[in-house]
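Worksheet for the structure shown next.
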Amino acid sequence: MSGARMGARNNAEWCDVVCASHGLTGRLDPDAWSVPRRSPPWYPDAVTLRPGVAADALLDRIDAGPGASVKDSFADLDLGPYGFRLLFAAEWIHRPPGAAPAAAPLTPVTSAEALTTWAAAHGGGELFRPPLLADPRVTVLARYAADGSVAGGAVLNRSGTDTGVSNVFATGVDVAEIWSGVCAARPGVPLVGYESGPGLDPALRVGFTRTGPLRIWLRA
């Protein structure tokens, strides 16, 4: 499986976990993952899993009204004629198993109270709900400052033989330190994810490589 397909599949499963924590049931098949009701903020209503998915069929699976979003995993859809605009472009990334850069350890978040504190530092607030901590595929990681505040973090989600990295953030340290901590937390497995703009460079510096473009479309 190509790096882009691995990333898309892993990300689709993470989106499904997040939606399930909000009481939404997704649909997964070889073409795409989708959810029939509006997804939580910052999460797509559909993720394509192969090139060449028909736009009409994909949009029939979701509430395609204002606010709908689609993760075009292979940057090959044109949703402009359907009232969507391109929100941003990004790159799938992959890091093979291997030695990690030296880094301060990241600590797993294991309680609802700690998750609330982590989510406040992240900025996602109510998006991150306690059911996430009960899913064995998901690990929420935090970097704590000396005063006990959350200085950064990330989410890992296991999918098959690879682990996805998402929601990487830093408030009190260089974000490169968080990326290094993520690599140190899972040195023996392939890591996948996606980044755009300034967020891409720190991942590349710790051994990730680009594996293909993606685009996010938003219905105005």
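Thinking of region 51-126 as a set of Cα atoms, what percent of all their pairs are more than 17 Å apart?
The calculated P(r) of region 51-126 puts 67 percent of pairs beyond 17 Å.
With a probe of 1.4 Å, find how much accessible area region 4-81 has per residue, and write the answer as a whole number in Å².
Roughly 39 Å² per residue, with all protein chains present.
Which of the chymotrypsin sites (Phe, Trp or Tyr not before Pro) found in region 1-73 are in a DSSP loop and have at most 13 neighbouring Cβ atoms, other than their own, within 10 Å?
Those that pass, being in a loop and sparsely packed, are 42.
Relative to the compact globular guide of 2.2 N^0.38 Å, what is the alpha carbon radius of gyration of the chain, as a ratio?
Ratio of Rg to 2.2 N^0.38 Å for the chain: 0.99.
From the phi angles alone, apply the Karplus equation (6.51, -1.76, 1.60; θ = phi - 60°) to region 78-91 and give each ³J(HN,Hα) in whole Hz, x where the residue is Gly or Pro.
Each residue of region 78-91 in turn: 10, 9, x, x, 9, x, 8, 10, 6, 7, 6, 10, 8, 10 Hz.
From the Cα gyration tensor of region 114-220, with a ≥ b ≥ c the square roots of its eigenvalues, which class applies: rounded if a/c is under 1.5, or else prolate if a/b is larger than b/c, or else oblate?
Verdict is rounded for region 114-220.
If eta is 1.567 mPa s and T is 4 °C, what Stokes-Einstein diffusion coefficient results for region 178-220, Kirkwood Rh from Cα pairs, in µm²/s?
108
Less than 15 Å Cβ to Cβ from residue 41, Lys/Arg counted +1 and Asp/Glu -1: what total charge do the surrounding residues give?
For residues surrounding residue 41, the net value is +2.
Wrap a convex hull around the Cα atoms of region 85-156, take a quarter of its surface area, and give that in square nanometres.
Result: 7.1 nm².
Return the carbon/sulfur percentage of the accessible area of the chain, one whole number, probe 1.4 Å, all protein chains in place.
Solvent-exposed carbon and sulfur of the chain make up 55 percent of the total.
The values are calculated or read from the model by the stated rules, or taken from the named source; none is laboratory data. This is a predicted model, so every value here is computed, not measured. Please note: Cβ atoms are built from the backbone with ideal geometry, for glycine as well, and neighbour counts cover all protein chains shown. What goes into the accessible areas is simple: the full protein's heavy atoms, side chains included, and nothing from ligands, DNA or RNA. Shrake-Rupley method; radii C 1.70, N 1.55, O 1.52, S 1.80 Å.
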